[in-house]
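Student: Once you've had a glance at the structure underneath, I'll fire off some questions.
The values are calculated or read from the model by the stated rules, or taken from the named source; none is laboratory data. Computed from a predicted model, the values in this text were never measured in an experiment. Quick reminder, even Gly has a Cβ in these numbers, built from the backbone with ideal geometry, and neighbours come from all protein chains shown.
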Amino acid sequence: MSTDLAAPALAIDELSVEYLRGGTATTPVREVSLTVAAGECLGVVGESGSGKSQIFLAAMDLLAANAHASGSVRFFGRELLAAPRSVLDAVRGSKLAMVFQDPLSALTPHLKIGVQMAELLVCHRATSWREADAAALAMLRKVGIADPWRRLGQYPHELSGGMRQRVLIGMSLLCEPDLLIADEPTTALDVTVQAQVLELLRAMRRDSCLGIVLISHDFGLVAGLADRIVVLYAGRVVESAPAAQLFACPRHPYTAALMQCSPALTGFAQERMPTLAGQPPNPADRFDGCAFAPRCSNATPRCRVERPLLETVGAAAQLACHNPMST
Amino acid sequence: MSEPLLEVKNLRVEFAAARDPLSAEVFAAIDDVSFEIGAGETLGLVGESGSGKSTLARAILRLIPAARGQVLWRGRNLLTMGAQELRSERRNLQLVFQDPLASLDPRMRIGEILGEPLEIFEPSLSATDRQIRIERMLGKVGLAAEFARRFPHEFSGGQCQRIAIARAMMPGPRILICDEAVSSLDVSIQGQIVNLLGDLQRELGMGMLFISHNLGVVRHISRRVLVLFGGSAVELAPRERLFAAAAHPYTRALLAATPGAHPQPLAAPAELLAAEAAPAEQTSGGCVFFDRCIHRAGECRISAPRLEQIAELHFVACHRWRQLPAAAPADEAAAGAALTEFLDDADSAILAPMNRRPQP
């Protein structure tokens, strides 16, 4: 149960998440395995219901009461799944931090920004309030908040959305974590503010050896930051590859289709947008074959009966498809 | 362009500025905005949150009162119309909202939701005729006729948005206003809805005001694009022109900050916008964009620029558009001839970061 610095920052092995409700089970995450190396930025891309948030909520032991997670989640070699509270307390919030989509609901409305920030250091590091306040002030400055002294004395509702998200990122970095899980950190923000938040994450990575898991539905967003990208569909990893390789040559038909659907600002503006037929699957659905087969242009009868396994292709990529796109 | 269907002239919408309810101080959420929409035309409306996009849509439909200006629908001012006349004209101007599930009554069946506009606007229609119209509309938006018996919660987000569009289309509107109608949908579903709107428009020839913060989607669907900042129109241009040769510093920042579908390092925000967003009331008298503009000069603080025409159908409200470095086209191939005149301006140093190519 000790920390192994040679191990990957996060190693998720055969993780499944199952919800039981009224006698029926839904499985939003199905046997997912992935690793994040220390200092690496992993992009996790999927549509709603693909299980992208559930994987990391399970890793942080933040699932709802009726959820059951099985498999293994190791943080620098230390098992987190079903770990005792003392182990989780030592890791969560300090070594392994998370930033959520909605910055307003992630902050306590009745506590001043300064108190919420300093509290982290007082709890995790047992520093004095005075030292913690100073660290909070320095962090606000670092995340680019103007007039940080005044902001420390304000409540969350007095800050704009972009400022709140920067405060949250600042909070998550206060204890100098090794890994930051950012779950759609910019979805609620304007594009110009989004660019600022991304720049902040990029700067934090440059300055410290911070590993980042960037969860998003938007390839364009992930493209600017991730070293490697994992694509999820119906709770399973369908493709994973180094970012440049994935964009240059997506192999899974879903990855390729999703990239095409993201409207571009360049090139010929077609009257009709490229689309992907059908609906994203429901986590309650069961599939015999490939979950993407009903929407796939490459599907053959085999795809509907035999589920493709995730296999290693080339040096650093993985793919689960019987009929991948040609290279 | 043929005779415009809808003309908005110098529209101004005010809200109380101060927390103090006795104060008469007001804040202009929409300030002197004018545009027109022709039959079969789509005008894209973009801007950040708080720029007044939704306020504008609501004021046009008179869901909130306007302080000044006119909304001319086929030459008649909607803003001064009597209640009864307005009610009957509303069938011609319909709205689709962002949240598809929240905009459908959870206790009504789809058939009832779609039938209600007909009961109001065509009360003489028989029950069977109504049923036929409902089924035909469901078919048009790509849903099965038997869905009429189901409830909204039985559908996915994309399907609910199809239903919301069908509801808006039922009275046969001539103008459809879509307020972030695809923003809450998955990427793979967005395209389906955008194409559906395009198909319906081609078939029925309605005009459309398409509000979105997603420039990529706006680029697909719009013929012209209006950029709103702080309640003022800062740029209005045909689509090709806006994406290739945006003239306003805010439009350029917006374009540069939007990630494409492919890896491309984005310009650092500091190079696009000045540091902190300042409250809108601080810029009284000057340009609305003054506090965040990286090209601002003395005159921008003193007087607000008016929209001026700088090319065919291209309007911009900026004192300094002539002094700005040449617009960086998002894509050389797409820029085309529209850009050549702009490229005469040699100094593109400031926009250089936007030009960076994808990393190998």
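Student: Give the number of residues within region A:26-50 that are touching a residue at least 40 places away in the same chain (Cβ under 8 Å) and more than 14 Å from chain B (Cβ to nearest Cβ). I'd like the intermediate steps shown before the answer.
Tutor: So in region A:26-50, the residues touching a residue at least 40 places away in the same chain (Cβ under 8 Å) come out as A:26-34, A:36-50.
Filter again for more than 14 Å from chain B (Cβ to nearest Cβ), leaving A:26-34, A:36-40, A:42, A:44.
Going through region A:26-50 one residue at a time, the tally reaches 16.
Student: Further, regarding this structure: For region A:169-205, which positions are over 27 Å from residue A:126 (Cα atoms) and of a type in the set (Ser, Thr, Tyr)?
Tutor: A:186, A:187, A:192
Student: Do we have residue B:12 as surrounded by fewer than 19 Cβ atoms within 10 Å (Cβ to Cβ), in contact with a Gly (Cβ under 6 Å, 6 or more places away or on another chain), away from chain A (no Cβ under 14 Å) and in contact (Cβ under 8 Å) with a residue 12 or more places away in the chain here? Reasoning before the result, please.
Tutor: On the way: surrounded by fewer than 19 Cβ atoms within 10 Å (Cβ to Cβ): yes; in contact with a Gly (Cβ under 6 Å, 6 or more places away or on another chain): yes; away from chain A (no Cβ under 14 Å): yes; in contact (Cβ under 8 Å) with a residue 12 or more places away in the chain: yes.
Here the answer is yes, as residue B:12 does meet what is asked.
Student: If you scan region A:53-112, which residues turn out to be at positive phi, buried (at least 17 other Cβ atoms within 10 Å of the Cβ), in contact (Cβ under 8 Å) with a residue 60 or more places away in the chain and not aromatic (Phe, Trp, Tyr)?
Tutor: A:93
Student: Also, quick follow-up: Please verify whether residue A:57 is outside any helix (DSSP H, G or I) and of a type in the set (A, V, I, L, M), treating the condition exactly as stated. Lay out the reasoning, then the answer.
Tutor: Values: outside any helix (DSSP H, G or I): no; of a type in the set (A, V, I, L, M): yes.
In short, no.
Student: Hey, another quick one. Tell me, which residue of region B:57-74 that is of a type in the set (Gly, Ala, Ser) and touching a residue at least 60 places away in the same chain (Cβ under 8 Å) is farthest from residue B:98 (Cα to Cα)? Walk me through it before giving the result.
Tutor: Going residue by residue through region B:57-74, those that are of a type in the set (Gly, Ala, Ser) are B:57, B:59, B:66-67, B:69.
Those still in the list that are touching a residue at least 60 places away in the same chain (Cβ under 8 Å) too: B:57, B:69.
Details: B:57: 12, B:69: 26 Å.
Out of the qualifying residues, it is B:69.
Student: All but one of (1) within 14 Å of another protein chain (Cβ to nearest Cβ); (2) surrounded by fewer than 24 Cβ atoms within 10 Å (Cβ to Cβ); (3) modelled with pLDDT under 90 hold for residue B:272; state the number of the condition that does not hold.
Tutor: Every listed condition holds for residue B:272 apart from (2).
Student: Closer than 29 Å to residue B:193 by Cα, at pLDDT 90 or above and in a helix (DSSP H, G or I) - does that describe any residue in region B:33-43?
Tutor: No, region B:33-43 has no match at all.
Student: While we're here: Exactly one condition in (1) assigned to a loop (DSSP other than H, G, I, E, B); (2) away from every other protein chain (no Cβ under 14 Å); (3) at pLDDT below 90; (4) surrounded by fewer than 19 Cβ atoms within 10 Å (Cβ to Cβ) is false for residue B:281; which is it?
Tutor: Going through (1) assigned to a loop (DSSP other than H, G, I, E, B); (2) away from every other protein chain (no Cβ under 14 Å); (3) at pLDDT below 90; (4) surrounded by fewer than 19 Cβ atoms within 10 Å (Cβ to Cβ) one by one, residue B:281 breaks only (1).
Student: Can you pull out every residue in region B:142-182 that is under 21 Å from the mean Cα position of the chain (by Cα), assigned to a loop (DSSP other than H, G, I, E, B) and within 10 Å of another protein chain (Cβ to nearest Cβ)?
Tutor: Answer for region B:142-182, where residues must be under 21 Å from the mean Cα position of the chain (by Cα), assigned to a loop (DSSP other than H, G, I, E, B) and within 10 Å of another protein chain (Cβ to nearest Cβ): just B:182.
Student: Any residue at all in region B:199-219 that is β-branched (Val, Ile, Thr) and within 8 Å of another protein chain (Cβ to nearest Cβ)?
Tutor: Yes: one or more hits.
Student: Determine which single condition residue A:285 fails, assuming it passes every other condition in (1) surrounded by 21 or more Cβ atoms within 10 Å (Cβ to Cβ); (2) without any contact (Cβ under 8 Å) to a residue 60 or more places away in the chain; (3) more than 25 Å from residue B:217 (Cα to Cα).
Tutor: That leaves (1) as the condition not met.
Student: Given the conditions (1) over 21 Å from residue B:55 (Cα atoms); (2) free of Cβ contacts under 8 Å to residues at least 60 places away in the same chain, report the number of the one that residue B:182 does not fulfil.
Tutor: Among (1) over 21 Å from residue B:55 (Cα atoms); (2) free of Cβ contacts under 8 Å to residues at least 60 places away in the same chain, the lone unmet condition for residue B:182 is (1).
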